[in-house]
Amino acid sequence: MTRMMVVWCPDWPVAAAGLIEGVSVHEPVAVLAANRVVACSPAARVEGVRRGLRKREAQSRCPRLVVLEHDEARDARAFEPVVAAVEELAPGVEVVRPGACALAARGPSRYFGSEAAAAERIVEHIAQACVVEAQIGVADGVFAAGLAARTGRLVEPGGTPAFLDGIDIAALDRPELVDLLRRLGVGTLGGFAALPAADVLGRFGLDAALAHRLAAGRDERPLAARRPPPDLDVGQTFDEPLDRVDAAAFAARQLAERLHERLAGHGLACTRLGIAAVTEHGAELYRTWRHDGLLTAAGIADRVRWQLDGWLARNRAACRSGYQPALVSERRPGAIVRLRLYPDGVVEYAGFQLRLWGDAGEERDRAHRALTRVQGMLGPDAVVTAALVGGRDPGDRIRLVPWGDERPEPAREPWPGQLHEPAPASVPREPLPVDVFDETGAPLGVTARLAVTGTPAGLVFAGPPGRRAAAVVEQITGWAGPWPVDERWWAPDEVSRRVRFQVCLADGRALLLTLESGLWSATGVYD
Amino acid sequence: MAQILTLKRRTVSTGGLSELVRSHGLTGLVRPASAHVLRSDGVGERILPVLPELRGLFPAGGLRRGSTVAVALRGPGPFGATSVLLALLAAASAAGSWCAVVGMPSLGLVAAAELGIALERLALVPDPGPEWPSVVAALLDGIDVVVAAPPGPVPATLASRLAARARQRGSVLVGYGQWTGADLVLETAGGGWSGLDQGRGRLSRRALVVSRHGRGAAARPREATVWIPRDPATPPVESAPLLEATA
């Protein structure tokens, strides 16, 4: 069982926000995800803010709380310099998640004399290089060392099972399994470790069996480790060097899907991921990410995206400062030209794994391949799919989502003021300006009491200003309205007060007209 | 098939295949091979369904895979081309096919959803730029129905190249606008809106008249009327029963 050292930065989302957004971490700060607190600063904890509280509850306990949204990419970006700093003292650092990284304890402990001395030296170096507080824990295995790092403890060799015995089972970080075990009466890691391994595997599945090994403090080499077939890694060379974050995210998703498909094709899953990149200056970057469970396709894509984000952020920061530093880690690496993913810690896993884009289906796969090819030609935003969301006008009811992104849930609530079906078949991107006249030739208006100032009789499509004199007057044969809409009156920049009309022209066409701030426009053509 | 089954179980009684199917609870799963290709309304693997009202306009009774259809912007009627396009896609999309529309940034998607087009299987490329032929070609590889709306008239060589690719891949190419060389051309032949009075009412329905002409079997002009919104009693795709296993 190898002695592992884990470097853990407490409240990392808050620290990352402090590093990148410039928020002062000595103030009460809380980071929220899905309206619940994920991390808070020590000043906020003193006031009573805890993880898992809702935003309102946290704000009521601490009125001057600074609230930020959780951004995993920001956490990863800010953690990249910390990992680079640790790598200067010891090789072979693996990232567990943004905020925690692991390394073998043997090398540094021999070099600096003892494990305690190595831990002190690393913590000092991180504080100097990155102005970040860190704690180190040492134990047999990464899982136990991570738990030891919470208290900064160095567990003696062989004492790991005893150390893990009394820890609460929530430390496994698998909410469904933890909930189930609690209901079955197992409340601590020791209690879980006491269950027979074969029964755990049969009842709860492979992921729980891995967790069982971790809870027992046993060797964490994956179950049934076999020699993986040699060609499992996937790579891609980019014609244009990757410099921007969204292009990197797109490339990450594609590679992650390829890797996951290849692994699933062999009936395997991986627990560690090696990400290697070659930059335009010839520099080679490498980072290993490890997970104490099986990596799903989404997990692989997220980690690759975070890592690329971190490397590109280092690039951007170095570009901005403009000087050539002496430390190798700070020198600008350059844009990324080649990317390769190496799966490691592979486990036989024939169970059905959810793919990155939902259920498999042969036609869907073919369509997906064609659409990603077009995205590769024109950019990820060029191919969109539409989703019906809530709104009142035909243009508001549709949201265009780039292909591959998650579609929003369809709106189920009623929207008073929504136009009745049928909807216009043509909705111009920019509303076409028109002029509407009544029977005397005067421009038509609508009073504040929603009364029309005359009977609509003629309509002119306002072209470019020079051609206005030659425009043809279309006769209006039927009309209905005004249908008022008064939206977002509470937000002065977004307020929208308008009325809508449907008109029928002499040649049979029908239009949806909107009058807003005295200007008429055609927002829909019933083509 | 019956021969192979009798080898496995010697105790097959008289009654043949249907008896065997019934006795094993396989009714509905085992079908003769001809039923897979030809349903009672002629729609199968090679033909994508269209709305029942439009079926008379297509010689094959639906959109034949590999064919090219053009929707003209102007016909005997001055407007309605977009509705004709949506009506053309409605049944195929509702039945499960994937559709893509290239080069139409102002397509009314709520109207598409109302006609029955499944928005989760509709992909849009609103601004393909000058490379739109390669975009259309790439989409023909994987999407069942691809609508191409070029910004101007299409040269005949380009149109025939794309049509050949559609034929090779078994997809349907729909050209929206000035398209030459299509097997079938659909046009709007009029049909006004009703329901608006002077200051009262709202647009309630229209009778969209679609006329076709083309090459070969589609050379004789024909017309059909589609009511928009459609009568809720007639679904976009008629689910015809599969032929049952008969002795």
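The values are calculated or read from the model by the stated rules, or taken from the named source; none is laboratory data. Keep in mind that what you see is a predicted model, and the values were worked out from it rather than measured. Neighbour counts are summed over all protein chains in view; Cβ atoms, including those assigned to glycine, are modelled from backbone coordinates with ideal geometry.
Checking each residue in the range A:403-442 for being within 18 Å of A:LEU505 (Cβ to Cβ) and without any contact (Cβ under 8 Å) to a residue 60 or more places away in the chain picks out A:PHE437, A:ASP438, A:GLU439, A:GLY441. Given the conditions (1) of a type outside the set (Ser, Thr, Tyr); (2) closer than 15 Å to B:LEU88 by Cα; (3) in a helix (DSSP H, G or I), report the number of the one that B:ARG165 does not fulfil. So the condition that B:ARG165 fails would be (2). When residues in the range A:396-422 are screened for being at pLDDT 85 or above and more than 9 Å from chain B (Cβ to nearest Cβ), 8 of them pass. Residues that are facing another protein chain (nearest Cβ under 7 Å) and β-branched (Val, Ile, Thr) within the range B:120-147 comprise B:VAL125, B:VAL135, B:ILE143, listed in sequence order.
Restricting the search to helices (runs of 4 or more DSSP H) fully inside the range A:141-186 and requiring at least 2 residues that are within 21 Å of A:TRP8 (Cα to Cα) gives A:142-151, A:160-165.
Taking the range A:470-527 as the region of interest, none of the strands (runs of 3 or more DSSP E) fully inside it holds 2 or more residues being basic (Lys, Arg) and under 19 Å from B:ARG206 (Cα atoms). Only one of the numbered conditions (1) in contact with a strand residue (DSSP E or B) (Cβ under 7 Å, 6 or more places away or on another chain); (2) at pLDDT below 90; (3) away from every other protein chain (no Cβ under 12 Å) is violated by B:GLY77, and that is (3).
Which of the numbered conditions does A:ALA367 fail, given that it passes all the others? Conditions: (1) modelled with pLDDT of 85 or more; (2) at the interface with chain B (Cβ under 10 Å from one of its Cβ atoms); (3) part of a loop (DSSP other than H, G, I, E, B). With (1) modelled with pLDDT of 85 or more; (2) at the interface with chain B (Cβ under 10 Å from one of its Cβ atoms); (3) part of a loop (DSSP other than H, G, I, E, B) applied to A:ALA367, the lone miss is (3). A:PRO443 meets all of the listed conditions (1) in contact with a strand residue (DSSP E or B) (Cβ under 8 Å, 6 or more places away or on another chain); (2) within 12 Å of chain B (Cβ to nearest Cβ) but one, namely (2). Does A:ILE169 count as within 30 Å of the chain's Cα centre (by Cα), of a type in the set (A, V, I, L, M) and surrounded by fewer than 21 Cβ atoms within 10 Å (Cβ to Cβ)? Yes: the conditions hold for A:ILE169. Of all residues in the range B:104-119, those being over 24 Å from B:GLY152 (Cβ atoms) and within 7 Å of chain A (Cβ to nearest Cβ) number 6.
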